[in-house]
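Visitor: Sharing a structure below in structure tokens format, with a few things to ask.
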Amino acid sequence: MDLRAPEKKFRPELEGVRTVAAFLVAIYHIWIGSVSGGVDVFFIVSGYLITTSLLTKVEREGRIHLVEYWLGLARRLFPVAFTVLLFTVGLSILIMPQAQWKQLITEVFSSALYVQNWQLAVSAVDYLAQNNQASPLQHYWALSLQGQFYLTWPFVILFSFLVAEKVLKTPIRKTLLAVLITLFTLSIGYSVYKTSVNQPWAYFDTLARVWEFSLGGTLALLIPYLTFRKSVNMVIGWLGLAVICLTGILLPVSTVFPGYAALLPTTGVMLIIIAAENPARFGVDRLLGSKPFMFFGGISYGFYLWHWPLLVFYYSYFDVNTVSLLGGLAIILSAFLLSFLSVKILETPVRKISIKQSKKRLATVLLGLILPLLCLNTVWALYVKDQNQQQYDLNEYPGARAISDNMEPSPDKKPVPSALIVKEDLPAFYDNPECFSNMEDDKVTVCSRGETDDPEYTVALIGGSHSGHWYPALEELSKRMKLQIDIYNKDACRFSADDFEGLLNESCMDWNEEVLKMLKSDPPDLVFTTANVGEGDTVPEGYIHQWEKLDGITNIFAVRDNPFMEGDPPQCVEEKGIEECSVPEAQVLSDTVPWENTEGIPGNVTFADLSEYFCQNGTCPPVVGNVLVYRDYHHISTLYSRTLAGAVGEKLKNALSGE
């Protein structure tokens with residue numbers, strides 16, 4: 001016995017659900033500054049509708065015309081999506097700070113290719129990219145995930161059809177139900193696990209979201225059996241709407257989704273769909289299926305795409321972190337008008353082009369929407385790449401040498417590197433993935449750089465990025481002092497015997513143990529590492545314990561950590577100038593030298609305090625000697641590190657000579 005076929009019909013309440021979800025997303029983004037769970041509502045609706053549509057096709061024709069199906073999707077999705085992308089690129093060039101351009105260029109390409117969610121997943125766990133500012137394209141992650149679902153779902157339906165017809169000799173709906181339940185079980189299990197161990201990645205992971213689409217598909221198959229009394233449906237319908245509206249208030253969506261917590265809004269949607277099967281007089285479907293809700297539901301896709309870039313541009317143009325009531329209403333009204341015009345002028349005419357009779361014409365029109373965006377973004381990317389080739393005369397841009405060598409910087413020079421490239425100008429060893437370990441990898445990789453043929457000294461540079469950003473200074477010294485630099489680097493890790501206050505993860509601790517074994521078996525002349533964390537006024541005990549284990553084996557050169565600035569110094573300098581972006585020394589640097597406030601330091605340690613190159617006369621400026629000191633709020637820029645070579649070299653010579 002086969003399952004009863006779901007009735008393929010227009011469901012006006014789903015247009016209303018889209019309306020509610022779109023408004024929730026916008027309201028939470030604009031005024032609350034958090035996530036509502038509205039995109040999860042979209043995923044359930046998509047799973048429900050596309051499963052019903054594709055199942056009807058395969059049962060009627062025994063196949064799915066994939067080219068026609070994908071052209072139909074592109075006809076519906078591309079006009080508004082690529083128009084918003086093109087608008088965003090143009091306005092970003094005019095409004096957004098250059099410090100974000102490289103990030104934006106990458107996100108334009110990933111959005112156009114429907115892989116934005118994976119791009120954001122990588123950025124979310126990439127320690128060197130975690131300081132990226134919110135971009136006007138980040139909301140395309142949900143569109144990308146839906147695009148991947150639309151692309152692959154026909155194969156799920158066809159697989160179920162073939163298994164049912166050729167193997168099991170059973171009706172397709174039973175087989176498809178089994179497949180969808182299997183997908184749901186595997187995906188939600190993976191989602192719960194991944195959310196618990198790496199929630200930022202899980203949030204954007206397609207595999208951790210498949211269960212939401214499969215749940216919508218399962219509901220499409222079971223809906224004929226979920227008919228209840230009108231009084232029951234009235235209650236569960238309004239309950240479903242309340243659940244959707246309150247999810248963002250009840251749960252911290254951005255930090256606990258998409259694990260089991262995402263069952264809350266998805267259940268709300270399903271209750272509304274079930275309630276609409278046998279509608280009550282005062283049921284929720286009466287509201288959601290009303291003309292205003294249906295009208296807005298028809299443009300909710302465009303509204304979702306337009307509201308976010310308008311919000312980010314508002315932040316950037318007015319240099320604010322919050323939105324006023326009037327400002328938010330202006331954003332919502334603008335997004336509404338733009339979405340209406342986009343649908344009226346672009347989407348509707350394109351959707352009228354026949355797929356069966358005018359495939360070439362439709363493909364040409366769609367290509368005409370895509371090419372201008374790709375061309376503009378490519379030109380933009382080439383311009384940014386050209387800026388990366390710039391070379392600097394250190395006499396005009398002395399950086400730290402303005403202090404160490406009393407050099408006078410050339411007046412009226414703009415700080416370098418420009419905000420456009422400083423974030424990407426990382427220490428050279430980051431070009432080789434074999435030279436560092438990521439946050440989750442406990443494998444130790446060692447790279448030897450500098451004077452490797454006949455070194456006079458071997459210096460082991462050990463730790464995370466706060467050790468790594470001293471590499472350019474050591475690289476400058478390598479020829480002068482005949483140094484071989486052995487790089488032991490791991491993202492978000494320190495050279496420590498314990499995790500001090502839980503700041504270091506388990507893989508960091510395992511990595512530390514292995515590094516210690518390697519140092520004991522082949523000791524360097526000196527270990528270069530950090531002495532504290534930020535403005536901390538003591539040396540962490542974990543550092544001391546690690547150094548003690550090397551006492552009598554090798555010596556330690558521990559440099560005081562640089563001050564942590566506020567905000568984004570390169571972007572701040574670009575927008576406001578040096579003076580406004582300077583920070584009072586007392587705010588970011590302790591009066592107490594860390595090692596003078598710590599007991600039990602072993603005798604094999606030499607300390608270096610280079611604070612005078614970051615703060616002078618009670619102020620910590622973002623620019624010294626015409627050079628940007630920082631690439632973000634707490635990492636030294638590569639160029640400034642190079643100019644610190646002289647200051648580091650004097651102290652390093654004393655440590656190597658035992659003075």
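The values are calculated or read from the model by the stated rules, or taken from the named source; none is laboratory data. All values derive from a computational prediction rather than experimental measurement. Don't worry about glycine lacking a Cβ; one is built from the backbone with ideal geometry, like all the others, and counts go over all protein chains shown. Keep in mind that these areas ignore ligands, DNA and RNA; they rest on the heavy atoms of the full protein, side chains included. Shrake-Rupley method; radii C 1.70, N 1.55, O 1.52, S 1.80 Å.
Visitor: Is one or more of the residues making up segment 610-620 more than 33 Å from the chain's Cα centre (by Cα), open to solvent by less than 70 Å² (accessible area, probe 1.4 Å) and either basic (Lys, Arg) or within 30 Å of residue 552 (Cβ to Cβ) (or both)?
Guide: yes
Visitor: Could you say whether any residue in segment 66-79 is closer than 20 Å to residue 205 by Cα, touching a residue at least 40 places away in the same chain (Cβ under 8 Å) and touching a helix residue (DSSP H, G or I) at 6+ places or on another chain (Cβ under 7 Å)?
Guide: No: segment 66-79 contains no residue that is closer than 20 Å to residue 205 by Cα, touching a residue at least 40 places away in the same chain (Cβ under 8 Å) and touching a helix residue (DSSP H, G or I) at 6+ places or on another chain (Cβ under 7 Å).
Visitor: If you don't mind, there's one more thing I want to ask. Kindly evaluate residue 136 against the criterion of being open to solvent by less than 40 Å² (accessible area, probe 1.4 Å), at negative phi and in contact with an Asp or Glu (Cβ under 8 Å, 6 or more places away or on another chain).
Guide: Judged against the criteria, residue 136 is not a match.
Visitor: Hey, residue 505 hits all of (1) among the polar types (S, T, N, Q); (2) touching a residue at least 24 places away in the same chain (Cβ under 8 Å); (3) over 22 Å from residue 553 (Cβ atoms); (4) in contact with a Cys (Cβ under 7 Å, 6 or more places away or on another chain) but one; which does it fall short on?
Guide: (4)
Visitor: Which is surrounded by fewer than 17 Cβ atoms within 10 Å (Cβ to Cβ) and in a helix (DSSP H, G or I), of 329, 362, 310?
Guide: The unique qualifying residue is 329.
Visitor: Could you list, in sequence order, all residues of segment 18-50 that are among the β-branched types (Val, Ile, Thr), over 23 Å from residue 180 (Cα atoms) and either over 24 Å from the mean Cα position of the chain (by Cα) or not in a helix (DSSP H, G or I) (or both)?
Guide: 19, 20, 35
Visitor: Let me ask something else. For residue 148, state whether it is at pLDDT below 90 and surrounded by fewer than 20 Cβ atoms within 10 Å (Cβ to Cβ).
Guide: no
Visitor: Then there's this: List the residue pairs whose Cβ atoms are under 8 Å apart, where the first residue sits in segment 173-191 and is among the aliphatic types (A, V, I, L, M), the second is open to solvent by 70 Å² or more (accessible area, probe 1.4 Å), and the two are 6 or more positions apart or on different chains.
Guide: 179/159; 188/260
Visitor: Restricting the search to segment 187-207, which residues are out of contact with any helix residue (DSSP H, G or I) (no Cβ under 8 Å at 6 or more places or on another chain) and either aliphatic (A, V, I, L, M) or closer than 17 Å to residue 440 by Cα (or both)?
Guide: Answer for segment 187-207, where residues must be out of contact with any helix residue (DSSP H, G or I) (no Cβ under 8 Å at 6 or more places or on another chain) and either aliphatic (A, V, I, L, M) or closer than 17 Å to residue 440 by Cα (or both): 193, 196, 197.
Visitor: Any residue at all in segment 103-116 that's of a type in the set (A, V, I, L, M) and open to solvent by 30 Å² or more (accessible area, probe 1.4 Å)?
Guide: Yes - at least one qualifying residue is present in segment 103-116.
Visitor: Can you run down the residue pairs with Cβ atoms below 8 Å, 6 or more apart or on separate chains, where the first is in segment 587-611 and over 24 Å from residue 644 (Cα atoms) and assigned to a helix (DSSP H, G or I) and the partner is open to solvent by 50 Å² or more (accessible area, probe 1.4 Å) and among the polar types (S, T, N, Q)?
Guide: So the pair list comes out as 597/538.
Visitor: Restricting to segment 404-428, what's the tally of residues that are crowded, with 20+ Cβ neighbours inside 10 Å and in a helix (DSSP H, G or I)?
Guide: Adding up the residues that qualify gives 1.
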